[in-house]
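Each remark here refers to the structure printed beneath this line.
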Amino acid sequence: MSQYGMETFAQSDDVRKQQLVDANRILAHQNILDGFGHVSVRSVQNPLHFFQARSRAPALVDLDDIREFDENSELFESRDEALYGERFIHGEMYRARPDVQAVVHSHSFAAIPFGVAGIPLRPLCHQAAFLRGQVPVFEIRDAAGADNSMLITNCNLGAAVAAAMASAPAVLMRGHGNTVVAANLKQLVYRAIYTEINARLVLESLRLGTGLNYLNEYETANMADIADRAVDRPWEIWRRAAMTSSAP
Ligand SMILES: [Zn+2]
């Protein structure tokens, strides 16, 4: 594990829960999450468990809304309240990927065309180098057949999304959205925002012509670690902007 990862792993669950509130607010303010979508962080104390808000719009999430979920994505302490219907994406990512500490599932718009048009999403700008190669696409019909709900509403479907992602940092979900994973919440927010920006840049570039000049394997490898570690600076300003905008 990298030094950065060790520092992150040393965080307490209390620190993670506060950062999770911030991540909700930032991702909503940056238009990655709207009334839908959700973000989570793995528990340090119970590493198969994770923290996530109850069913609430991410821009409104407070510390009081954060709940602990078990390895089957069910509430650790039972309560009678609404939960995110697609929370199974998160539990199955944590089960399949020991390297993953944070997960976001969003319906951010610019990435969706790459799940339906047969044009792969690849890193075009240096800040999206973490995408490395082609972002895999999850086809729910392969897991649930043609007569499906498009939603990931149980552990089996969550596991199928995790299998489609394999060891990648992101997976597109055809006609639906995407899921991004990271080693900590700051890196996760960075990755989710730049996945969307990179998708926008590819769409803009395709208007100018085909045969786009993407980052090559050396450029992605050399830049990915740099970008993944440079997350404190944007986090600070994204957090300030989100908090200012949501102040009463
Ligand atoms: Zn969804």
Meets criteria (closer than 13 Å to H29 by Cα, touching a residue at least 24 places away in the same chain (Cβ under 8 Å) and over 19 Å from the mean Cα position of the chain (by Cα)) for M243: yes
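Of all residues in the stretch 150-160, which are without any contact (Cβ under 8 Å) to a residue 40 or more places away in the chain and either of a type in the set (V, I, T) or away from the ligand (no atom under 12 Å from the Cβ) (or both)?
Result: N156, A160.
Every residue, every condition in (1) within 25 Å of D22 (Cα to Cα); (2) of a type outside the set (K, R); (3) touching an Asp or Glu at 6+ places or on another chain (Cβ under 7 Å), yes or no:
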site	(1), (2), (3)
Y94	yes, yes, no
V100	yes, yes, no
H105	yes, yes, yes
V135	no, yes, no
A143	no, yes, no
From the options N46, N72, residue that is over 22 Å from L172 (Cα atoms) and touching a residue at least 60 places away in the same chain (Cβ under 8 Å): N72
Residue that is more than 16 Å from the ligand (Cβ to nearest atom) and under 18 Å from R42 (Cβ atoms), where the choices are A129, A102, A163, A170: A102
Unmet requirement for W238, which otherwise passes all of (1) outside any loop (DSSP other than H, G, I, E, B); (2) within 15 Å of the ligand (Cβ to nearest atom); (3) buried (at least 21 other Cβ atoms within 10 Å of the Cβ): (2)
Top-ranked residue of the stretch 176-231 - restricted to ones that are assigned to a helix (DSSP H, G or I) and within 16 Å of the ligand (Cβ to nearest atom), ranked as surrounded by the most Cβ atoms within 10 Å (Cβ to Cβ): A192
Filter pass, T220 being touching a residue at least 60 places away in the same chain (Cβ under 8 Å), in contact with a strand residue (DSSP E or B) (Cβ under 7 Å, 6 or more places away or on another chain) and closer than 16 Å to V135 by Cα: no
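Helices (runs of 4 or more DSSP H) wholly in the stretch 38-150 with at least 2 residues that are of a type in the set (F, W, Y) and buried (at least 21 other Cβ atoms within 10 Å of the Cβ) - which ones?
Qualifying helices (runs of 4 or more DSSP H): 88-96.
Readers should treat all values here as calculations from the given coordinates under stated rules, not as data from a laboratory. Quick caveat, the model's predicted, so the values are computed rather than measured. Don't worry about glycine lacking a Cβ; one is built from the backbone with ideal geometry, like all the others, and counts go over all protein chains shown.
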